[in-house]
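Participant: Dumping the structure here so I can ask a few things about it.
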Amino acid sequence: MAIESLGEETYRWKNKFPLLAVCSEWRQVALRIVYRDAFVEGNLQYNMKIGPEAQKVDFSTNIDLITALGVSRHVRNLSICLEESRFIQPFVKEMPLLFAFENNKWNKVESLSLN
């Protein structure tokens, strides 16, 4: 994947990954750094169909990994980038499943950025 195709939040987050690979001690410390920021970025996916089906709303996010690893307690900043109004309804529908509120606590989030 080319760097230009990554959203800004995705790119910054992926640059922190090497910290997790140094050793187990670094990994424990780095978890708080890597998962401090959670994000959702709306994207349009294109396919070979014609008409309204040619575009599908999709999301780039690290929240699914955060909930799978059970590290939502480390999240301090949440950024939701839905630059087009057509991203809002699919996001709202996906939100309960994505954030897995019944199994994850998001009470340490200190800032919310909506774009």
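Participant: Looking at the range 3-25, can you tell me whether even one residue there is of a type in the set (A, V, I, L, M) and either closer than 16 Å to residue 109 by Cβ or at pLDDT below 80 (or both)? Talk me through it step by step, then tell me what you get.
Facilitator: As a first pass, look at the range 3-25 and keep what is of a type in the set (A, V, I, L, M): 3, 6, 19-22.
Next, only the ones that are either closer than 16 Å to residue 109 by Cβ or at pLDDT below 80 (or both) stay: 3, 6.
Yes, that holds for at least one residue.
Participant: For the structure I just gave you, tell me whether residue 48 is at pLDDT below 85, in contact with a helix residue (DSSP H, G or I) (Cβ under 9 Å, 6 or more places away or on another chain) and open to solvent by 30 Å² or more (accessible area, probe 1.4 Å).
Facilitator: yes
Participant: Which members of the range 90-109 meet the condition of being acidic (Asp, Glu) and outside any loop (DSSP other than H, G, I, E, B)?
Facilitator: Answer for the range 90-109, where residues must be acidic (Asp, Glu) and outside any loop (DSSP other than H, G, I, E, B): just 94.
Participant: Could you list, in sequence order, all residues of the range 86-96 that are free of Cβ contacts under 8 Å to residues at least 24 places away in the same chain and either touching a helix residue (DSSP H, G or I) at 6+ places or on another chain (Cβ under 9 Å) or within 10 Å of residue 40 (Cβ to Cβ) (or both)? Show your work before the answer.
Facilitator: To start, the set of residues in the range 86-96 that are free of Cβ contacts under 8 Å to residues at least 24 places away in the same chain comprises 88-89, 92-93, 95-96.
95 - this is the single residue of the range 86-96 that is free of Cβ contacts under 8 Å to residues at least 24 places away in the same chain and either touching a helix residue (DSSP H, G or I) at 6+ places or on another chain (Cβ under 9 Å) or within 10 Å of residue 40 (Cβ to Cβ) (or both).
Participant: Just checking, does the range 59-82 include any residue being of a type in the set (Lys, Arg), open to solvent by 50 Å² or more (accessible area, probe 1.4 Å), assigned to a helix (DSSP H, G or I) and at pLDDT 90 or above?
Facilitator: Yes, because at least one residue in the range 59-82 is of a type in the set (Lys, Arg), open to solvent by 50 Å² or more (accessible area, probe 1.4 Å), assigned to a helix (DSSP H, G or I) and at pLDDT 90 or above.
Participant: Of the residues in the range 94-104, how many are more than 16 Å from the chain's Cα centre (by Cα) and among the charged types (D, E, K, R)?
Facilitator: Matching residues across the range 94-104 total 1.
The values are calculated or read from the model by the stated rules, or taken from the named source; none is laboratory data. Everything quoted here is computed from the prediction, not taken from an experiment. Virtual Cβ from ideal backbone geometry, glycine too; neighbours counted across all protein chains shown. These area figures cover heavy atoms from the full protein model, side chains too; ligands, DNA and RNA do not enter into them. Shrake-Rupley method; radii C 1.70, N 1.55, O 1.52, S 1.80 Å.
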